[in-house]
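Engineer: Would you mind keeping the following structure in view while I ask a few things?
The values are calculated or read from the model by the stated rules, or taken from the named source; none is laboratory data. Remember, predicted model here, so these are calculated numbers, not experimental data. Every residue, glycine as well, gets a Cβ built from its backbone with ideal geometry; the counts of neighbours run over all protein chains shown. When the accessible area is computed, the model is the full protein with side chains, heavy atoms only, and any ligands, DNA or RNA have been set aside. Shrake-Rupley method; radii C 1.70, N 1.55, O 1.52, S 1.80 Å.
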Amino acid sequence: MTTMLLAATTDGVLDDVGAAAAWTLASFLLFAVGFVIIDVLTPGHLRTQIRDNINAAILVSAKMLAVAAIVFVSVWTAPDELGDGIVYAASQALWSLGVSVLAFLGLDRLIPGGIRNVVNEPGFSPRVLVAGAAELAVALTAAVALS
């Protein structure tokens with residue numbers, strides 16, 4: 001009896017660990033997509049700019065928080081079955097990231113001086129706060145709208 005209980009418990013734990021690993025990998029890939037998106041939308045190489053440039057660091061930080069919100073809502077509302085859940089969450093997250101790209105490009109046109117080039121400005125620019133807040137607002141709205 002004890003052996004059967006231990007085997008059943010071990011199988012459940014291994015299933016949970018496997019599911020957690022799959023969700024973690026899917027989330028990591030979505031974070032990578034979010035970073036690539038902001039890197040493509042802004043001039044220069046963000047991986048080097050975030051070392052010295054406060055504007056680049058704020059913008060990337062806001063994008064990562066936005067992606068985290070998208071991934072959280074997508075995972076939270078995903079179906080229980082692992083395969084279906086990951087496909088659902090990934091498609092929901094990618095749609096939300098697409099919406100955030102459109103919002104970023106729209107803000108770039110609306111805000112005087114744009115926001116794409118803010119990562120190249122020396123010193124702090126208040127426009128980066130607007131861009132960061134917009135990233136978070138759009139991500140939350142898009143993610144919740146799909147849930």
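Engineer: Of all residues in region 95-114 being in contact (Cβ under 8 Å) with a residue 60 or more places away in the chain and within 22 Å of VAL73 (Cβ to Cβ), which is surrounded by the most Cβ atoms within 10 Å (Cβ to Cβ)?
Structural biologist: Ranking the candidates gives SER100 first.
Engineer: Take region 115-138 and flag every residue that is loosely packed, with under 14 Cβ neighbours inside 10 Å and under 22 Å from TRP95 (Cβ atoms).
Structural biologist: We begin by selecting, within region 115-138, every residue loosely packed, with under 14 Cβ neighbours inside 10 Å; these are 122-124, 126, 133.
Correct list: ALA133 only.
Engineer: Can you name every residue in region 29-56 that is outside any helix (DSSP H, G or I) and touching a residue at least 40 places away in the same chain (Cβ under 8 Å)?
Structural biologist: THR42, PRO43, GLY44, ASN53
Engineer: Might you check whether a residue that is modelled with pLDDT of 85 or more and either surrounded by fewer than 13 Cβ atoms within 10 Å (Cβ to Cβ) or part of a loop (DSSP other than H, G, I, E, B) (or both) occurs anywhere in region 61-79?
Structural biologist: no
Engineer: Considering only residues that are of a type in the set (Gly, Ala, Ser) and more than 13 Å from ILE54 (Cβ to Cβ), which ones fall in region 91-125?
Structural biologist: Once the filter is applied, which keeps residues that are of a type in the set (Gly, Ala, Ser) and more than 13 Å from ILE54 (Cβ to Cβ), region 91-125 yields SER91, ALA93, SER96, GLY98, SER100, ALA103, GLY106, GLY113, GLY114.
Engineer: Here's something else I'd like to know. Hey, any hits in region 126-134 for a residue that's over 18 Å from the mean Cα position of the chain (by Cα), closer than 24 Å to ILE50 by Cβ and not in a helix (DSSP H, G or I)?
Structural biologist: Yes, because at least one residue in region 126-134 is over 18 Å from the mean Cα position of the chain (by Cα), closer than 24 Å to ILE50 by Cβ and not in a helix (DSSP H, G or I).
Engineer: Consider region 20-47. How many of its residues are of a type in the set (A, V, I, L, M) and out of contact with any helix residue (DSSP H, G or I) (no Cβ under 7 Å at 6 or more places or on another chain)?
Structural biologist: Residues in region 20-47 being of a type in the set (A, V, I, L, M) and out of contact with any helix residue (DSSP H, G or I) (no Cβ under 7 Å at 6 or more places or on another chain): 7 in total.
Engineer: Shifting gears a bit: Looking at THR141, is it out of contact with any strand residue (DSSP E or B) (no Cβ under 6 Å at 6 or more places or on another chain) and open to solvent by 60 Å² or more (accessible area, probe 1.4 Å)?
Structural biologist: Values: out of contact with any strand residue (DSSP E or B) (no Cβ under 6 Å at 6 or more places or on another chain): yes; open to solvent by 60 Å² or more (accessible area, probe 1.4 Å): yes.
Taking the combined requirement at face value, the residue satisfies it.
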